[in-house]
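Written out below as structure tokens is the structure these notes cover.
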Amino acid sequence: MSKQYETVIGLEVHVELATKTKIFCGCSTAFGGAPNTHTCPVCTGMPGSLPVLNKQVVEYALAVGLATNCGINQYCKFDRKNYFYPDNPQNYQISQLYLPICHDGWVEIETAGGKKKIGIHEIHMEEDAGKLIHDEWEDCSLVDYNRSGVPLIEIVSEPDMRSADEVIAYLEKLRLIIQYLGASDCKLQEGSMRADVNLSVREVGAPEFGTRTEMKNLNSFKAIAHAIEGERERQIEILEDGGKVVQETRRWDDNKESSRAMRSKEDAQDYRYFPDPDLTPVIISDEWLERVRNAQPELRTEKLARYQEEFCIPQYDAEILTASKHMADVFEETVKLSGKPKEVSNWLMTEAMRLLKEQEKDAEQMKFSPAHLAKLIELVDKNVVNRTVARNVFEAVFNEDVDPEVYVEEHGLKVINDEGALKKTIEELLEKNPQSVADFKAGKEKAMGFIVGQTMRAMKGKADPAVVNALVRELMSR
Amino acid sequence: MSILDLTAVELGKKIKAGEVTAVDATKAVLEQIKALEPSLNCYVTVDEEGALKQAEEVQKKIEDGTLTGPLAGVPVAIKDNMCTKDLLTTCSSRILGNFVPTYSAEAVLNLQKAGAIILGKTNMDEFAMGSTTETSAYGETKNPWNTEHVPGGSSGGSCAAVSANECFFALGSDTGGSIRQPSSFCGVTGIKPTYGTVSRYGLIAYGSSLDQIGPVAKDVTDCATILEVIASHDPKDSTSVKREDCDFTSALVDDVKGMRIGIPKDYLGEGLDPEVKEAILNSAKVLEAKGAIVEEFDLSLVEYAIPAYYVIASAEASSNLSRFDGVKYGYRTKEYEGLHNMYKKTRSEGFGAEVKRRIMLGSFVLSSGYYDAYYLKALRTKALIKQAFDKAFEKYDVILGPAAPTTAPKLGESLSDPLQMYLGDIYTISVNLAGLPGMTVPCGKDSKGLPIGLQLIGDCFKEKNIIRAGYAFECSRGGYEAPELAEREER
């Protein structure tokens, strides 16, 4: 390759909002119901039905817009996007084109290359479509409208990203913001967050953008990274061969790890957008906007600073604790109950992270209650269990959310502080190991460690190591 | 005097007084339907069994005192573009030839709550697109005054049914004059209320920003009474308005002293049949003689209303009607290869010519590159027309004029020249564009014996002004005149 190329990337990110009901009717948004059970005349496009906007959708869109430094169109409208497809029961999608709710925002990302602002062109509200299921046996297609009318926001970035790293950092940033706001769970695999990648290449220093393609069906960060690399290579190859990149939509195939053209700009549909006459304009009063602004929860950046300030947690630890909204919630809740931020942080940073890694789980999947972790910390603090035992108890809490107090009781894991029993065990051991006693007396400290270890084993780990240490030293020194 | 000659309110009173029963009234009207339908074709669907069953239930509730309203026990006909649960609803289109809704339109529910008895569904221009009821896939409706003439449209079935005593009142819908023009042609009274007064939930949309349901009946008293029943704030319709002043019957007062009435000169110019013009001006004189202050004025912009209307209504229709695709309900072509072929064949076979024309027109004006030039410009024109009316209503309480330039044309005359047919909407269309209430009241007949309708237009939410003017006029004009139904004796 003789020339130097730069990749220019913009993203369209669809996020399913966490409302209980759909955007234009009262049907449930719950995932996984039997086909067409979460439906009504509105979300199945029956003749004569009319949409009524769910206010919560506006509030979530506003919350995301405010958190991404967007301007708010306090007078915004819904438009119809007209196209025929069976998953779209009205054959138009209610979306926003002319006056989207949020515009001109940005988020800051950090990669190995440093910090950078990524512009957000706009955020608009729209409805999701149903799902087509092809029946291979009957050679027909069936439609499930349960997802039809589930609220989405589409976050359209500026073409500000230059690498897959920046794209992933941007998506991570959006995901954290939205999760912290409670506006969505943002799961790529389950489709509650979907990203379309617009990509072009140009020679470094060229004043104009190259022709871009749009890539769809990217279900993981890995797929996104691979798709970006692949598409960059493909476009550069075309240019190097003296060809021209065709503006088109391409579909990523996860199994083949490659993309293929879906449709070119020439057959792009004319969506005949126009304002939906069934919906009145959304007027967002100053008061409403203020109310949403005041109700904004603490976002990650603020939390990160506060953890270091308030709890004296090192930056690295604070970053891990806040990398998931759920982890941060568990941390704060447990701190509130136990009053021991360092201790809570240690448990989460070491034991919880270790188990998550072993079990290949996300922090979002942690199920145990902060009250149980707080209780375990108390048990350790009061010396009811020792640290080694506590680690095993934590695993039980982590896996099955057991009450540590009950668990310790049932499994007989309490520290044995009965000096008589301890003394008896140690004396027996000393009798069996006269050489150790002799070595110790000859100044070999190591020999004491051996007896301590044997004692702990004999007590099944339940003895208080400090007590055992003291007692062994005393008896060996006689 | 036959029970059929009673107005809806008169019948309601007699039922309440125990002089007749809801069942008597329903049976009488069903007989009339049987006798006249072969020659008039007002209905797409008559629900004889259902109507009698409802009548029996309603009669019980009247007797035990649960139903006390003025329309309890009164049989009504519903235009076939309003959903009726478990009752075929076709929009007079082949594409909905088998469509049985799972729910009822809000306006229909309001009537049922009041104890009205649904007789069936009336014929109309397909998807309410037309001015003659000839574009119906189920045959044209004929004008009861002269069966060689059209009843007007698109609510032609509803208006003809009222005129021919095939119901005691009816619901129609009005997007560009579809209640007022056929009311004029059939010699009945009809109101198109202020946009947002009657819920559109369950009304199969034509032009969503213009559609409004309204009553068709024998006189102003009936219309005010019915409107009071069907008007409601409906949270299921985002464009529904919460109104506190829906006591329309309180405006049934024979007093127009000091009422300021304006006649747009623009409504009396070229194209207006001289006999219609004379009847309208005579009606104005009647009101003037009762103390109203009548003068002519320039409304302006009238010539822009028709193009603006056809752009806006067709644009909305092209999108509204895209859901009829053979996938979920309604007609699907018999043989097809693949999805797109199924769409094409279903819609080609399912829609009639006028509907296709408007879908194409609407798709064109919304397409990229034309949106600004056509659709946006039409929206701006709509806003200017509203401003012109706002200005007029600073001076006048009521605007008076004809409902249509002529009386009912002969069958077959209109469809051959759609542009001429569109021009016939000139006096009604701007009322929809401005969202205003308008009413047609019969005010005479031409030399052929066909009815002429007087149109009264009010400012937004001022139905009471036009109801008062209409009622006062009616008091001087004399009671409702029904056509002589020659066919009835012939058989």
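Quick notes
- Cα-projected label distance for residue B:1 with residue B:244, points at 7 Å along beta-carbon direction, nm: 3.9
- Nearest-20 debye value, chain A charge dipole, Cβ charges on Lys, Arg, Asp, Glu: 1360
- Interface residues of region B:237-263, defined as those with an accessible-area decrease of at least 50 Å² between the chain by itself and the complete set of protein chains (probe 1.4 Å), are B:238.
- Applying a DSSP loop filter and a limit of 16 other Cβ atoms within 10 Å to the trypsin sites (Lys or Arg not before Pro) in region B:425-483 leaves B:448.
- For region B:138-287, with +1 on Lys and Arg beta carbons and -1 on Asp and Glu, the positive-most of B:201, B:156, B:226 along the dipole: B:201
- For region B:71-108, accessible area lost to neighbouring protein chains reaches 10 Å² or more, against the chain alone with a 1.4 Å probe, at B:99, B:102, B:103.
- Heavy-atom accessible area per residue - region A:150-254, 1.4 Å, Å²: 41
- Among A:308, A:323, A:264 the positive-end extreme of the charge dipole of region A:203-329 (Cβ point charges): A:264
- For chain A, the fraction of 1.4 Å probe accessible surface lying on carbon and sulfur atoms is 49 percent.
- Percent of alpha-carbon pairs separated by more than 36 Å within the protein assembly as shown: 61
- When the C-alpha to C-alpha distance is required to be over 19 Å, the pairs from B:192/B:462; B:265/B:462; A:187/A:361 that qualify are B:265/B:462.
- Using R0 = 60 Å, the C-beta based FRET efficiency linking residue B:390 and residue A:257 works out to 0.40.
- Estimated FRET transfer efficiency (residue A:246, residue A:399; beta-carbon r; R0 56 Å; 0.05): 0.60
- Exposure check, 1.4 Å probe, all protein chains in place: residue B:204 carries approximately 10 Å² of accessible surface.
- When shorter helices are ignored and each DSSP H run of at least 4 residues is given -39500 (n - 2.57), the per-residue value for chain B at 222 nm works out to -12000 deg cm²/dmol.
- Region B:1-139, accessible area per residue, ligands and nucleic acids excluded (1.4 Å, Å²): 36
- For region B:9-78, GluC sites (Glu not before Pro) meeting the loop criterion (DSSP other than H, G, I, E, B) and having at most 15 other Cβ atoms within 10 Å: B:19.
- Our note on the geometry: Cα centres of region B:299-366 and region A:418-444, 97 Å apart.
- Surface share of carbon and sulfur [accessible, 1.4 angstrom probe, percent] for region B:62-124: 52
- Inter-chain Cβ neighbour average for residues A:90-100, partner chain, 10 Å: 2
- Semi-axes of the equivalent ellipsoid for region A:310-400, Cα gyration tensor, largest first, Å: 19, 16, 11
- Spacing of the two label points (7 Å from each Cα toward its C-beta) at residue A:106 and residue B:372, in nm: 3.0
- Taken over region B:1-136, the percentage of Cα pairs per 5 Å bin, counting from 0 up to the bin with the maximum distance, is 2, 11, 19, 21, 19, 15, 8, 4, 1, 0.
- Across the options A:296, B:128, B:100, the greatest Cα extent toward the positive end of the charge dipole of the protein assembly as shown (unit charges at beta carbon of Lys, Arg, Asp, Glu) belongs to A:296.
- Cα gyration tensor shape of chain A, rounded if a/c is under 1.5, else prolate or oblate by comparing a/b with b/c: prolate
- Pairing chain A with chain B buries about 2800 Å² of accessible area. This figure sums both sides and uses a 1.4 Å probe.
- Assuming charge only on the beta carbon of Lys and Arg (+1) and of Asp and Glu (-1), the dipole of the protein assembly as shown about its Cα centre is about 1380 debye to the nearest 20.
- Computing FRET efficiency as 1/(1 + (r/R0)^6) for residue B:296 and residue A:225, where r is the C-beta to C-beta distance and R0 is 56 Å, gives about 0.15.
- For the peptides B:249-260, B:213-224, B:150-161, the ranking by packing is B:150-161, B:213-224, B:249-260, with the highest mean count of neighbouring Cβ atoms within 10 Å listed first.
- Across peptide A:38-48, the average count of Cβ atoms from other chains found within 10 Å of a residue's Cβ is 6.
- Only protein atoms count toward the accessible area here, which uses a 1.4 Å probe; on region B:189-292, the carbon and sulfur part of that area reaches 51 percent.
- Exposure rule at most 15 other beta-carbon atoms within 10 Å, DSSP loop GluC sites (Glu not before Pro): chain A longest free segment: A:1-135
- Theoretical gain in end-to-end length, residue A:391 to residue A:131 [0.36 nm per residue, Cα-Cα removed]: 89.0 nm
- Taking region B:10-33 and a reference point 7 angstrom along Cα→Cβ of residue B:56, the backbone N atoms nearer than 13 Å belong to B:23-24.
- For region B:343-434, applying the loop criterion from DSSP together with a ceiling of 12 other beta carbons within 10 Å to the trypsin sites (Lys or Arg not before Pro) yields no site.
- Here chain B is treated with +1 on each Lys and Arg Cβ and -1 on each Asp and Glu Cβ, and its dipole about the Cα centre works out to around 1100 debye.
- When both bridge partners sit in chain A, DSSP labels roughly 95% of those beta bridges antiparallel.
- Cα-derived Rg over Rh, computed across chain B with Rh taken as Kirkwood radius: 0.95
- Principal axis dimensions, region B:292-444 - Cα atoms, whole angstrom, descending: 67, 39, 26
The values are calculated or read from the model by the stated rules, or taken from the named source; none is laboratory data. Because the structure is predicted, anything quoted here is derived from the model rather than measured. Here Cβ is always computed from backbone atoms with ideal geometry, including for glycine, and neighbour counts include all displayed protein chains. Heads up: the accessible areas ignore ligands, DNA and RNA and are worked out on the full protein's heavy atoms, side chains in. Shrake-Rupley method; radii C 1.70, N 1.55, O 1.52, S 1.80 Å.
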